[in-house]
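What follows is calculated from the coordinates using simple rules that are stated; it is not laboratory data. No experiment lies behind these values; they were computed from the predicted model shown. Every residue, glycine as well, gets a Cβ built from its backbone with ideal geometry; the counts of neighbours run over all protein chains shown.
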Amino acid sequence: MRRKHIFFSLAAVALLIFSSVVASAQVGQLYGEITLKQADGKVVPVAGAAIDVYRTDLSNKYNTKTDKNGRFVFAGLPFTGTYVIAVSAPGAQPKAIGNVKAGRDVNYKIDLDPGDGRQLTEAEAKAFAAGGSSDNSGSKVSEEDRKKLEEAQRKNAEIAAGNKKITEANETVTRTFKAGNEALNAKKYDEAIALYDEGINADPTHPGAPSLLTNKSIALRARGVDRFNAALRATDDAAKTSGLEVAKKDFKDSADAATKAIELLKAQTAPTDPAAMKSYEATKFFALAARAEAMRLFVSKVDPSQADAAVAAYQEYMAAETDAAKKSKAQVDLAQMLLDAGKADKAYAEFQRALTDNPDNVDALLGAGLSLFATGDKGKYQEAANLLQRFVDKAPDTHKFKADAKSTLEFLKTQENVKPQKTAPTPGRRRG
């Protein structure tokens with residue numbers, strides 16, 4: 001059975017495409033053979049016998065006749081139906097059997113006795129079938145066929161239960177995603193997280209689970225930022241400590257949720273349909289973006305030892321990002337994360353990558369200069385001063401770290417006797 005594939009949309013947070021394919025109906029064959037026991041005791045096949053099949057769980061009727069060998073077949077009856085087979089033929093007594101299923105590979109054999117050729121009504125057929133066992137109603141079902149029927153009935157019950165569970169999960173996932181997004185847009189983070197969890201818990205392997213996890217990651221990250229900032233403003237030390245701890249847990253949980261979303265997506269079989277593939281790739285892209293940002297906060301605020309994992313997350317996201325400006329910002333964010341984690345040398349290398357693509361990127365100039373200064377290697381102070389001076393020359397006065405850069409330059413001049421060197425103007429980039 002196919003569960004419906006879900007790729008969600010979230011306005012102002014993430015554009016995830018939500019689509020669904022419901023479980024397809026199943027059909028199967030229903031077949032058998034009709035014989036007549038003649039007065040002399042000889043059993044012969046009955047050609048042209050009328051076969052009326054009535055569905056008992058719903059109101060449906062199907063008709064056919066036997067062929068010259070007394071055989072009949074219905075090619076495509078609903079698999080989940082329960083049926084009564086009623087048989088009539090000239091010169092024979094009518095008979096009926098109940099509790100019949102289609103698609104179970106059971107050959108329903110019915111022996112008729114001589115009679116008036118009357119045809120049973122639907123009510124008579126159902127009453128006749130309910131009046132006794134299959135043997136009493138005239139059906140000759142072998143022990144092997146009986147076992148097949150019982151096994152098929154057991155499997156059918158399992159399928160029905162599975163279908164019910166899938167339907168309920170689909171309904172829960174759809175409802176909680178929509179309601180969770182509304183809560184997230186309203187900045188009701190506790191409510192959003194609870195709703196996403198309800199959807200995930202309904203079926204953790206549901207195709208929609210990655211989208212729920214991605215948006216849960218976004219909600220956790222936003223709540224963590226609010227909690228972190230509130231803790232920093234707290235005047236009571238105990239409140240500040242407890243506030244920072246719950247914020248850090250949110251950052252960790254955010255990273256875990258986004259990572260799980262990507263794991264589930266990678267475990268899924270990628271669709272071949274172009275439209276479905278586009279939805280799948282979009283869902284994966286937003287999960288990658290959510291994980292990169294979650295890992296940045298997790299490493300910067302919680303666990304610097306996970307810096308390498310965060311770098312890998314950023315690299316995977318940037319490989320999928322097609323917007324040059326967003327990719328450049330992600331490169332600077334990656335470098336800044338490493339600097340915040342105390343990995344100055346690695347941070348400098350990443351800032352340099354950003355400067356290779358854009359030599360006038362003021363944030364990369366600032367970060368590269370501060371990274372060299374943070375190494376504590378006085379042999380690198382001259383280059384640090386040069387980079388910081390380029391930042392001061394190019395950054396607007398409104399840049400929030402311009403005053404800090406000037407303060408660092410003044411320290412280098414007065415305490416380390418290092419003055420920025422004049423550098424040649426950066427040549428304009430050639431355009432193709």
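Give, in nm to one decimal, the length gained when the segment between ALA127 and ARG353 is fully stretched (0.36 nm per residue of separation minus the Cα-Cα distance).
73.1 nm
Taking R0 as 56 Å, what FRET efficiency do you get between ARG233 and GLN26 from their Cβ-Cβ distance, rounded to the nearest 0.05?
Efficiency, from the Cβ-Cβ distance: 0.40.
Looking at the chain, send over the antiparallel percent of its DSSP beta bridges, to the nearest 5. Please report the intermediate quantities before stating the final value.
Working: 28 of 34 bridges.
In the chain, approximately 80 percent of DSSP beta bridges are antiparallel ones.
Could you give the distance between the Cα centres of the stretch 323-382 and the stretch 54-111, to the whole Å?
So the two Cα centres are separated by 78 Å.
Just to be sure I understand: with springs between alpha-carbon atoms less than 10 Å apart, which residue in SER300, SER242, SER328 has the highest mean-square fluctuation in the Gaussian network model of the chain?
Among SER300, SER242, SER328, the largest mean-square fluctuation in the Gaussian network model of the chain belongs to SER242.
Measuring from a point 7 Å past the Cα of GLU281 along Cα-to-C-beta, which residues in the stretch 324-351 have an amide N at less than 17 Å?
Within reach of a label on GLU281: 324.
Choose one answer from ALA47, ALA344, ALA282: the residue with the largest mean-square fluctuation in a GNM of the chain with alpha-carbon springs under 10 Å.
Between ALA47, ALA344, ALA282, it is ALA47 that shows the largest mean-square fluctuation.
Residue separation times 0.36 nm, minus the C-alpha to C-alpha distance between GLN93 and ALA75: what's the value?
Details: separation 18, 0.36 × 18 = 6.48 nm, distance 2.65 nm.
Between GLN93 and ALA75, full extension yields an extra 3.8 nm.
Please compute the modelled spin-label separation between LYS402 and ALA186, points set 7 Å along Cα→Cβ, answer in nm with one decimal.
About 4.2 nm, to one decimal.
Out of these labelled values of semi-axes √(5λ) of the Cα gyration tensor in Å, (i) 30, 26, 21; (ii) 77, 21, 15; (iii) 35, 27, 22, which was calculated from the coordinates shown here?
Read-out taken from this structure: (ii).
Taking the simple approach of a point 7 Å from Cα along Cα-to-Cβ for both ASN60 and LYS178, what is their distance in nm?
Simple spin-label model gives 2.9 nm for this pair.
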